[in-house]
């Protein structure tokens with residue numbers, strides 16, 4: 001389980017180009033952090049995370065989309 005602040009810190013570490021979104025390539029560049037995201041969202045891969053939670057279908061995950069995924073998996077404290 002993660003707090004919103006912990007999730008924001010993790011998101012910021014994944015967002016290498018600081019555009020406010022995490023792309024598939026950014027997820028693959030940080031396999032350890034990606035594993036944490038997968039555990040927190042109950043997804044099996046970065047592709048599954050995008051397929052399920054990329055609401056605007058731009059190929060990237062925003063913090064709001066990530067927070068929604070974690071909350072849906074009941075892992076947000």
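Readers should treat all values here as calculations from the given coordinates under stated rules, not as data from a laboratory. Source: prediction; values computed, not measured.
Given the -39500 (n - 2.57) contribution per DSSP H run of 4+ residues, what per-residue ellipticity at 222 nm results for the chain, rounded to the nearest 500 deg cm²/dmol?
Details: 5 runs with 46 residues, N = 77.
Value at 222 nm, helices only: -17000 deg cm²/dmol.
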Answer label for semi-axes √(5λ) of the Cα gyration tensor in Å (calculated), chosen among (1) 40, 11, 4; (2) 16, 13, 12; (3) 22, 19, 8: (2)
